[in-house]
1. Name every residue in region 200-239 that is in contact (Cβ under 8 Å) with a residue 40 or more places away in the chain and over 30 Å from Leu394 (Cα atoms), in order of residue number.
2. When only residues in region 287-311 that are part of a loop (DSSP other than H, G, I, E, B) and of a type outside the set (A, V, I, L, M, F, W, C) count, which is surrounded by the most Cβ atoms within 10 Å (Cβ to Cβ)?
3. Could you tell me which numbered condition Ala330 fails, if it satisfies all but one of (1) farther than 18 Å from Gly272 by Cα; (2) part of a strand (DSSP E or B)?
4. Checking the structure you have, find out if any residue of region 22-39 is under 17 Å from Gly72 (Cβ atoms), out of contact with any Asp or Glu (no Cβ under 7 Å at 6 or more places or on another chain) and part of a loop (DSSP other than H, G, I, E, B).
5. Which is surrounded by fewer than 19 Cβ atoms within 10 Å (Cβ to Cβ), touching a residue at least 24 places away in the same chain (Cβ under 8 Å) and not in a loop (DSSP other than H, G, I, E, B), of Val279, Val262?
6. When you scan region 314-333, how many residues do you find that are out of contact with any strand residue (DSSP E or B) (no Cβ under 8 Å at 6 or more places or on another chain) and within 18 Å of Leu367 (Cβ to Cβ)?
7. So for region 367-383 (the condition being of a type in the set (A, V, I, L, M) and either at positive phi or over 28 Å from the mean Cα position of the chain (by Cα) (or both)), does at least one residue qualify?
8. Checking Met34 against (1) within 30 Å of Thr183 (Cα to Cα); (2) modelled with pLDDT of 95 or more, which single condition isn't satisfied?
Amino acid sequence: MNPTLEIFSQGEEVVTGQTVDTNAAWLSERVVDMGFTVTRHTAVGDKLDDLVALLKEISSRADCCICTGGLGPTSDDLTAEAVAKAFGLPLEFDAVAFEQIQRFFTLRNRVMPESNRKQAMFPKGAVRIDNAWGTAPGFSLQAGRCWFAFVPGVPTEMRHLFLESIQPTLASRFLLRPDKLITLRTFGLGESAIQQRISMIEIPPQVRLGFRAGPDDVQTKLLFPQGYPETILTSLVGQVAAELGDNVYAIDGLGQASGDLVFTVDQLMTAGKHTLAVVETASQGLLAAKCIGKDWLLETRYEQSLQKLCRKLTVTDNTNDLPATAQAIANEIHKTGTADFVLVQLYSGDKSTFHDKDQAIILYNTLLTKDGFFQTTGSVAGPIERKQNQAALLALDLLRRYLQQKELCN
């Protein structure tokens, strides 16, 4: 069984929501990859008794705990004091830590406030974790069954201390057998539809199946235990991918670089040396923003009014046949531009429909390539921000499907 690990965040600003606890998410991802089982995320405010009680609980139930925050010089930074009280360890002055803190201020031509001396006080027996990125050294110690590591809450400092000191220590202190996570990224299917499609596949009991739905995709996760036979793993992933069809745009965990939908499109466009011109309506520039910095995106246009767009391009405006209008627009842009592909996004529905979360707009996406036109139609409802985001993604997904199909045929 994998060793258990808890993440403990200290600070009133975390508990009250003034600060989003990105540290816990970042740490969890890395320790799970190492082979730990993360059992709890806990946040406690600046109350000494609460901190003491939680530390005692964790020391009896977890194999490891990483604590962030509470190592600063002010009165609300209570971590070292709480550890000392929880485990009956007197605080001791660390001259090396104090010299490091003084040097931090000296190098910046600043006078060190006396309150920073507090940061050089550690519970007896603790091992100092040097911090070259700030004034707060971390420390570690064993208490009960648990090995604790205490690091600053500032994300940049926390990450450096984890990567430079804590991660190597964890690898040497614990016998770790990391599981293998395979993630199938899909667009165009909801969680329930995915579940239904793969319901006839027999998932072995030692393989954990899970789903994660986000604004840009739905992820199907298969967690395989360490040492699981590679041929059987590959076969099972292949079965799931086959049932989900071309809704799968990427698979993480099989050794190839992968990422979100834009990453996938970028890889395909770059590999094929293609270029693109885009016309946006419902996505209102978001499609171009998602592709910022991509060399293959040569031209983008956003027009709120279809009539105005058609006048500019001297194209007949036919609101009763938007697919045909989109083809005419794509043809005109292709004639006057240099891009290989033209992607045109139109939608039916007036301004009030677009702003009404309870009404859907119909999206018409058209892609012009050397192989001809490829078109999709889709309905999008919800708040205006969702309509905008889905409009951008649906257009990019049409491009992705075309490129991946071409790749399969070649």
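The values are calculated or read from the model by the stated rules, or taken from the named source; none is laboratory data. Remember, it's a predicted structure, so these values are computed and weren't measured experimentally. Cβ sites come from the backbone with ideal geometry, for glycine too, and all protein chains shown count toward neighbours.
1. Across region 200-239, the qualifying residues are Phe224, Pro225, Gln226, Gly227, Tyr228, Leu233.
2. Per the stated criteria, the residue is Glu303.
3. For Ala330, the failing item is (2).
4. Taking region 22-39 first, the residues under 17 Å from Gly72 (Cβ atoms) are 23.
When the remaining residues are screened for being out of contact with any Asp or Glu (no Cβ under 7 Å at 6 or more places or on another chain), the result is 23.
Narrowing further to those that are part of a loop (DSSP other than H, G, I, E, B): none.
The answer is no, given that none of the residues of region 22-39 is under 17 Å from Gly72 (Cβ atoms), out of contact with any Asp or Glu (no Cβ under 7 Å at 6 or more places or on another chain) and part of a loop (DSSP other than H, G, I, E, B).
5. Val262
6. At the first step, the residues of region 314-333 found to be out of contact with any strand residue (DSSP E or B) (no Cβ under 8 Å at 6 or more places or on another chain) are 314-318, 320-321, 324, 328, 332.
With the extra rule that they be within 18 Å of Leu367 (Cβ to Cβ), the set shrinks to 315, 321, 324, 328, 332.
The qualifying residues number 5.
7. Checked region 367-383: at least one residue is of a type in the set (A, V, I, L, M) and either at positive phi or over 28 Å from the mean Cα position of the chain (by Cα) (or both).
8. (2)
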